[in-house]
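Trainee: Please read through the structure below; I'll follow up with questions.
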């Protein structure tokens with residue numbers, strides 16, 4: 001895959017609508033991870049399920065040689081977080097008997113706590 005002349009970003013590998021779905025999924029997941037007992041949580045968890053179904057059944061996966069896979073979904077997640085409007089998915093950990101949500105870079109150092 002070649003980089004565009006203006007910078008190191010590779011050509012898009014995922015359809016824009018699929019990237020937007022993944023970004024919405026990540027935003028909702030992160031919000032729930034940071035405030036799991038907040039009001040409206042049930043509706044947002046149901047929205048996560050709906051988005052998961054839409055992500056997993058998107059027509060894009062039928063156009064790839066390998067189809068849908070956990071590895072391909074992880075690639076989509078990384079691509080969507082790096083795309084404009086994207087954000088990294090938080091990691092939920094049990095630290096000292098409490099569930100905490102931290103950025104991926106902090107997860108390794110926090111796993112040893114408690």
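The values are calculated or read from the model by the stated rules, or taken from the named source; none is laboratory data. Because the structure is a prediction, the values reported are computed rather than measured. Glycine also receives a Cβ, built like all others from the backbone with ideal geometry; neighbour counts cover every protein chain displayed.
Trainee: Being over 16 Å from the mean Cα position of the chain (by Cα), modelled with pLDDT under 90 and on the phi < 0 side of the Ramachandran plot is the filter; apply it to the stretch 55-99 and report the residue that is surrounded by the fewest Cβ atoms within 10 Å (Cβ to Cβ).
Mentor: Only one residue tops the list, namely 65.
Trainee: Could you check the stretch 29-54 and list, in sequence order, the residues that are surrounded by fewer than 15 Cβ atoms within 10 Å (Cβ to Cβ), under 18 Å from residue 103 (Cβ atoms) and in contact (Cβ under 8 Å) with a residue 12 or more places away in the chain?
Mentor: Hits for the stretch 29-54 are 34, 36.
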